[in-house]
1. Just to check your reading of the model, which residue among D49, D94, D84, D77 is of a type in the set (D, E) and in contact with a strand residue (DSSP E or B) (Cβ under 9 Å, 6 or more places away or on another chain)?
2. Any idea how many residues of region 17-34 are touching a Ser or Thr at 6+ places or on another chain (Cβ under 7 Å) and not aromatic (F, W, Y)?
3. So which residues in region 77-97 are aromatic (F, W, Y) and within 23 Å of I51 (Cβ to Cβ)?
4. Checking E25 against (1) more than 18 Å from the chain's Cα centre (by Cα); (2) closer than 20 Å to A102 by Cα; (3) of a type in the set (D, E), only one condition comes out false. Which one?
5. What pairs come up if the first residue lies in region 101-120 and is in a strand (DSSP E or B), the second is of a type in the set (G, A, S) and at pLDDT 95 or above, and their beta carbons are under 6 Å apart, counting only those six or more places apart or on different chains?
6. Return a yes/no flag: does region 45-53 have any residue that is modelled with pLDDT of 95 or more, closer than 18 Å to L159 by Cα and crowded, with 23+ Cβ neighbours inside 10 Å.
7. Being β-branched (V, I, T) and assigned to a strand (DSSP E or B) is the filter here; which residues of region 75-98 pass it?
Amino acid sequence: MKIDETTDDVCVVVPVFNEAGAVAEVVTALRERFAHVVCVDDGSTDGSDQIARAAGATVLRHAINQGQGAALQTGFDHVLRYTDASYAVTFDADGQHVVDDAVRMVQAARDGNIDVVLASRFTGASTDMPAARRIVLKAGIRFTRWTARLEVTDTHNGLRVLNRRALGRIRLTMPRMAYASELLSAIVPNGLSYVEVPTTVNYTAYSVAKGQTNLNAVNILFDLAVNRMRVT
């Protein structure tokens, strides 16, 4: 296995919840480019943790399901406390992201000394995106531009790169999937630099089934609205 020397100071954090059908392939692909892959199993009941470990990942495990934001925060804490990695990559376990995109994003962070690099499927490409999903995501973009004051073109994209400075300043606390907008909302107040990079999201029957429903998107907006009222 040949791993890129330029990614030796990178730790990939993969939140996992009942991904037995995809996690082995995802970890294997990541391990071809990254030496350090950490899967945070968020209370899976289908043996995802064992499959990820067998594929070569370090596995951390929540005893009960706490949500993707909590899984990522566990991964971030691990990177800060137990590694000297300069960068963390967040990468979904359902197979919709492209590993080469993650490598390019790390290089963009490194070349520009950028704190947070965000992926955008809307300036890049997406295959077979359901029309309803596109509408929901576009609504989320408008909401995040308003609340976070960021000129972003994608919001709930699970592929990101954060340097060690960003990991130390961002703390994810929101329930369900609202953490994604919470993360974006923390960039400006913490004086972090950011950039978007065009990437590809490959929608499959599996990833669509595992993804967020339109009802969940409404829940996300509710969570964010409540959090905004708390801090204003």
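1. Sole residue among the options that is of a type in the set (D, E) and in contact with a strand residue (DSSP E or B) (Cβ under 9 Å, 6 or more places away or on another chain): D49.
2. Looking only at that region, the number is 5.
3. Y82, F91
4. The one condition E25 does not meet is (1).
5. Filtered contacts from region 101-120: V116/A166; V117/A108; V117/A109.
6. Checked against the condition, which is being modelled with pLDDT of 95 or more, closer than 18 Å to L159 by Cα and crowded, with 23+ Cβ neighbours inside 10 Å, region 45-53 yields no hits at all.
7. Across region 75-98, the qualifying residues are V89, T90.
Conditions (1) modelled with pLDDT under 80; (2) in contact with a strand residue (DSSP E or B) (Cβ under 8 Å, 6 or more places away or on another chain); (3) more than 25 Å from T123 (Cβ to Cβ), marked per residue:
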| residue | (1), (2), (3) |
| --- | --- |
| E182 | no, no, no |
| A186 | no, no, no |
| N190 | no, no, no |
| V195 | no, yes, no |
| T200 | no, yes, no |
| A205 | yes, no, yes |
| G211 | yes, no, no |
| A217 | yes, no, no |
| I220 | yes, no, no |
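The values are calculated or read from the model by the stated rules, or taken from the named source; none is laboratory data. Here the structure is a predicted model, which is why all the values come from computation and not from measurement. Positions of Cβ are backbone-derived with ideal geometry, glycine not excepted, and every protein chain shown enters the neighbour counts.
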